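The values are calculated or read from the model by the stated rules, or taken from the named source; none is laboratory data. Only a predicted model underlies this, so the values are computations on that prediction, with no experimental measurement involved. A quick note on method: Cβ atoms are made from the backbone with ideal geometry, for glycine too, and the neighbour counts reach across all protein chains shown. For the accessible areas, the whole protein counts, side chains as well, though only heavy atoms, and no ligand, DNA or RNA atoms are used. Shrake-Rupley method; radii C 1.70, N 1.55, O 1.52, S 1.80 Å.
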Protein chains: 2
Amino acid sequence: MDVQGGTSRNPGHPGVTPHRGDLFDAACPTRQLLDRVGTKWTTMLVLTVDQTDGELRFTELKRALTGISQKMLTQTLRSLERDGLVTRRVEPSVPPRVFYGLTARGKSLAQPLSQLREWAETHMPQVQLDQDAFDRSL
Amino acid sequence: MDVQGGTSRNPGHPGVTPHRGDLFDAACPTRQLLDRVGTKWTTMLVLTVDQTDGELRFTELKRALTGISQKMLTQTLRSLERDGLVTRRVEPSVPPRVFYGLTARGKSLAQPLSQLREWAETHMPQVQLDQDAFDRSL
């Protein structure tokens, strides 16, 4: 839990890439990465593509991620592509068709996100009852 | 993955609390719950208190969650208390002392969050290299 040196990119060792991140190091980008991947949209997107075991088109993703806006899906896909989790393949047809898949790293995220989803779905009803009781007690 | 009835609180069955949430149901609060628990601050807070196996005071939490502001820690604690994940105990001393712990439900969240943290810390260095390459390609 202590803040350790050498976990963010350049603390005293310019150009040296660390072997591992440290969530508890305020200078380490691990916490931003966690904030990006631990969202409902990332979870739904990764689990959806992982289940198909292939690629999906934008419209197919938009249908699966019920309620997501076009803009949010575009942003989510771009952020995941930038993180090396999602692949984007353009088929040079007329008009061009774009396919999204998971990289090996993206696939490796499916298991922890599946566990988090399982936890949220299991506990949601009781959480909601507790919220109601909490709000009434104010 | 299909939208199923009966997963949010009142779809056609007023007053009936479902047994389980459904992340892919746009009307189900599971996705808001996932967005609350899948953050860096919740992850750090739950894992920190879980490791102590007891209670911590506000100042101890603030020290452990490096970089968190007083306001954000207050909000995070209150949100977790409302979700029935964190306990808040006031010791009637002068001045009163406040202790924060985990409920059984909060403890049950430690395992999935620990896995997500492990994933993020393991993959962060490579993610960052891919980000650099992505940004150079624009």
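Table for the structure above
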item	result
Residues in region B:81-117 occluded by at least 40 Å² - accessible area, probe radius 1.4 Å, against chain by itself	B:Arg82, B:Arg105, B:Pro112, B:Gln115, B:Leu116, B:Arg117
Cβ-vector label at 7 Å, A:Pro96, separations to other copies in nm	6.2
7 Å along Cα→Cβ, label-point gaps from B:Ala133 to other copies, nm, shortest first	5.1
Closest Cβ on chain B to the rotation axis that carries it onto A (distance rounded to whole Å)	B:Gly38, 1
Chain B - mean residue ellipticity at 222 nm from DSSP helices (-39,500 (n - 2.57) per run, n ≥ 4, rounded to 500)	-17500 deg cm²/dmol
Stokes-Einstein D (µm²/s) once Rh is taken as the Kirkwood radius of region A:47-93 over alpha-carbon pairs, at 20 °C in 1.002 mPa s	188
Fraction of alpha-carbon pairs over 23 Å apart in region B:18-101 - percent	29
Contact surface B-A: accessible area buried, both sides summed, square angstrom, 1.4 angstrom probe	6300
Share of carbon and sulfur in the accessible heavy-atom surface of the protein assembly as shown [1.4 Å probe, %]	52
With eigenvalues of the C-alpha gyration tensor scaled by 5 and rooted, region A:93-138, Å	40, 17, 7
Ascending list, in nanometres, of distances separating the A:Gln75 label from those of the other copies (7 Å, Cα toward Cβ)	1.6
